[in-house]
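What follows is a single structure, written as structure tokens, with notes after it.
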Amino acid sequence: MNNIFDNEMKIEFLSKSNNEAFARISVAAFIAQLDPTLEEIADIKTAVSEAVTNSIIHGYEEKMGIVKLICKIRKNEVFIEISDSGKGIENVEIAKQPLYTTKSNLERSGMGFTIMESFMDHVQVESVLGLGTKVSMTKKIKSYCNEEKDFAMSTRGEE
Amino acid sequence: MESTYKKEDKRLIFKINEDIDEYSAQKIRRRLDNEIERYMPKEVIFDFDKVSFMDSAGIGLLIGRYKLANLFGGKVEVANISTPIRKIFEMSGLLKIIPEVEIEKKEAQYE
């Protein structure tokens, strides 16, 4: 199989807020193979939690739907994709601004995207009104420096 | 979640024993507000000793309790925050309105 990634997983779950813990713990368990530091794990877990919460609270607005989570690893880089088929975001640039929230009555802080952007290396948001939203994030695990593993990967023709 | 209330200095300490996300914040909020409204404390302290994870739902939770305690002339403080959670506090500027305090070990022992 021709795959540019070293490892990959995918889960789908109902948009229930008690699945937020399930989602971030699953990702933490999956990326453990890169020997991340506790800080790196915490950063990724927080970013995943924010994206999944957005899908549940804003995308589906308490209605039931499916949240998809894909996590891939290439060398020391983690790629995470969280998507929903919810209502979508009208203006992504405005939604990403710190403290912007459409649900201040629910005590939402409006810090979700800000946290994702500061805890991950790269965050991309694609959204279509009425169709849904996809958040793609990447982060390099800096602590990962296993030469043997890097060598094994490069001999698989990925360089 | 455990809580202790000291009458003499009107101080309410909450020890939260779980991860704080949107799901748990709703439960915590309900219990907290009951006790804050009942005691009308001058000081509300959140003990984060047993909290290993918090996302932005925690920011909303704390700001909401800050507003509520203010209605009764009380202030809100936090104690024992871990490194990953401190990052969220610093990034959001939360420590400017909800300062960090040290609480004695004795006080941290709950009934």
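Brief remarks follow.
- Of all residues in the stretch A:17-38, those satisfying the criterion of being in contact with a helix residue (DSSP H, G or I) (Cβ under 7 Å, 6 or more places away or on another chain) and charged (D, E, K, R) are A:Glu20, A:Arg24.
- Scanning the stretch A:126-155 for residues that are small (Gly, Ala, Ser) and at pLDDT 90 or above gives A:Ser127, A:Gly130, A:Gly132, A:Ser136.
- Scope the stretch A:1-24; condition farther than 15 Å from A:Glu81 by Cβ and part of a strand (DSSP E or B); matching residues: A:Leu14
- Here the condition is being closer than 17 Å to B:Glu22 by Cα and basic (Lys, Arg); of A:Lys75, A:Lys45, it holds for A:Lys45 alone.
- Residues that are farther than 21 Å from A:Arg108 by Cβ and either of a type in the set (Ser, Thr, Tyr) or within 14 Å of chain A (Cβ to nearest Cβ) (or both) number at least 1 in the following helices (runs of 4 or more DSSP H) confined to chain B: B:22-39, B:83-92.
- Sole residue being on the phi < 0 side of the Ramachandran plot, modelled with pLDDT of 95 or more and in contact with an Asp or Glu (Cβ under 6 Å, 6 or more places away or on another chain), chosen from A:Ser55, A:Ser17: A:Ser55
- A:Val52 in a helix (DSSP H, G or I), within 25 Å of B:Pro84 (Cβ to Cβ) and under 12 Å from the mean Cα position of the chain (by Cα): yes
- Some residue of the stretch A:32-44 being within 11 Å of another protein chain (Cβ to nearest Cβ) and farther than 17 Å from B:Met54 by Cα: yes
- Within the stretch A:1-16, if we keep just the residues that are in contact with a helix residue (DSSP H, G or I) (Cβ under 8 Å, 6 or more places away or on another chain) and more than 16 Å from A:Asn54 (Cβ to Cβ), the residue that is nearest to the other protein chains (Cβ to nearest Cβ) turns out to be A:Ile11.
- Members of the stretch A:99-121 found to be surrounded by fewer than 17 Cβ atoms within 10 Å (Cβ to Cβ) and part of a loop (DSSP other than H, G, I, E, B), listed by number: A:Leu99, A:Thr102, A:Lys103, A:Asp121
- Against the conditions (1) surrounded by 17 or more Cβ atoms within 10 Å (Cβ to Cβ); (2) of a type in the set (A, V, I, L, M, F, W, C); (3) not in a strand (DSSP E or B), A:Ala29 satisfies every one except (1).
- Evaluation of B:Lys10 against the conditions (1) loosely packed, with under 14 Cβ neighbours inside 10 Å; (2) at positive phi shows that the sole unmet condition is (1).
The values are calculated or read from the model by the stated rules, or taken from the named source; none is laboratory data. Since the model is a prediction, treat every value here as computed from it, not as a measurement. Quick reminder, even Gly has a Cβ in these numbers, built from the backbone with ideal geometry, and neighbours come from all protein chains shown.
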